[in-house]
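Worksheet: one structure, shown below.
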Amino acid sequence: MNFSTSIAIGSSIVAGIALLIAVAVAFKLRKIRADQRVLLGDGNHADLVSVAASLDRRISAEESKLVDYSEAASLRFVAAEQRLSKSVSGVSLLRYDAFDEGSGQQSFSLAIVDETGTGAVLSSLVRRDTARVYAQTVNRGKADRSLSPEEQEVLRLAIAGTGEL
C-alpha cells in the first residue's frame, strides 16, 4: 500500500466520522429548535426576553380583568346584603285567650321583623261573637303605640329569632 492510498483511506475515515458527527449535531439542533418553538410560541419573537415581556403584558391584562370582576362582585355582594337585611328574618306567633271566656285560644299576635327589628305586629282578638284585628308598625324593636303583654312577648321572640310557628 502506498502512501497516497493510505492518505485516501485516512481521509475517508475522517470524512465518515465528520459526516456522523454532522448528522448527530443536525438531530440535536432539530430537537433544540423544537424546544425553542415551545418556548417562543408562534415564531414572532426573536428571543426569550420578548416572550417574557409578551407574557407579562398578557398577565397584566388578565389581572386587570380580575380586579374589575372582584370590584363588581363586591358591589353585588353589598347590594345583596342590603336586600337581605330588609328581608324577614324573625317571625313569631303567640295564641291566647284574650278575654278569658274559654274561646279556645283563638286570639293571636304575630310579629314579623327584619334583622334590625323593623316590621309589624298583627293581633287578632277573638270573642265568641266578634273579632278585631290590629296592626302596629315596629321600628328597630320599638312600636309606634303601646303593645299588650302578648304583643311585647311575640315581638321579643321574633327579634330573638326564637319564635315558633
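The values are calculated or read from the model by the stated rules, or taken from the named source; none is laboratory data. All values reported here derive from a predicted model rather than from experimental measurement. When we count neighbours, we look across all protein chains shown, and the Cβ atoms used for this are built from the backbone with ideal geometry, even at glycine.
Structure data summary
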quantity: Tabulated pairs, the range 125-143, first in the same structural domain as residue 155 (by TED's automatic domain parsing) and modelled with pLDDT under 90, second polar (S, T, N, Q) and not in a loop (DSSP other than H, G, I, E, B), C-beta under 9 angstrom, 6+ apart or interchain; calculated: 126/107; 127/107; 131/107; 131/124
quantity: Residues being more than 36 Å from the chain's Cα centre (by Cα) and small (Gly, Ala, Ser) - total across the range 73-114; calculated: 6
quantity: Unique match (being without any contact (Cβ under 8 Å) to a residue 12 or more places away in the chain and exposed (fewer than 10 other Cβ atoms within 10 Å of the Cβ)) among 100, 47; calculated: 100
quantity: Selection within the range 126-151 - surrounded by fewer than 12 Cβ atoms within 10 Å (Cβ to Cβ) and either on the phi > 0 side of the Ramachandran plot or β-branched (Val, Ile, Thr) (or both); calculated: 130, 133, 140
quantity: Residue that is modelled with the highest pLDDT, among those in the range 1-12 that are part of a helix (DSSP H, G or I) and loosely packed, with under 10 Cβ neighbours inside 10 Å; calculated: 5
quantity: Criterion violated by residue 80 - all others in (1) in contact (Cβ under 8 Å) with a residue 40 or more places away in the chain; (2) more than 30 Å from residue 126 (Cα to Cα) satisfied; calculated: (1)
quantity: Filter pass, residue 122 being within 21 Å of residue 88 (Cα to Cα), assigned to a strand (DSSP E or B), out of contact with any Pro (no Cβ under 6 Å at 6 or more places or on another chain) and touching a residue at least 12 places away in the same chain (Cβ under 8 Å); calculated: yes
quantity: Unmet criterion (only one of (1) at negative phi; (2) in a loop (DSSP other than H, G, I, E, B); (3) touching a residue at least 40 places away in the same chain (Cβ under 8 Å)) for residue 112; calculated: (2)
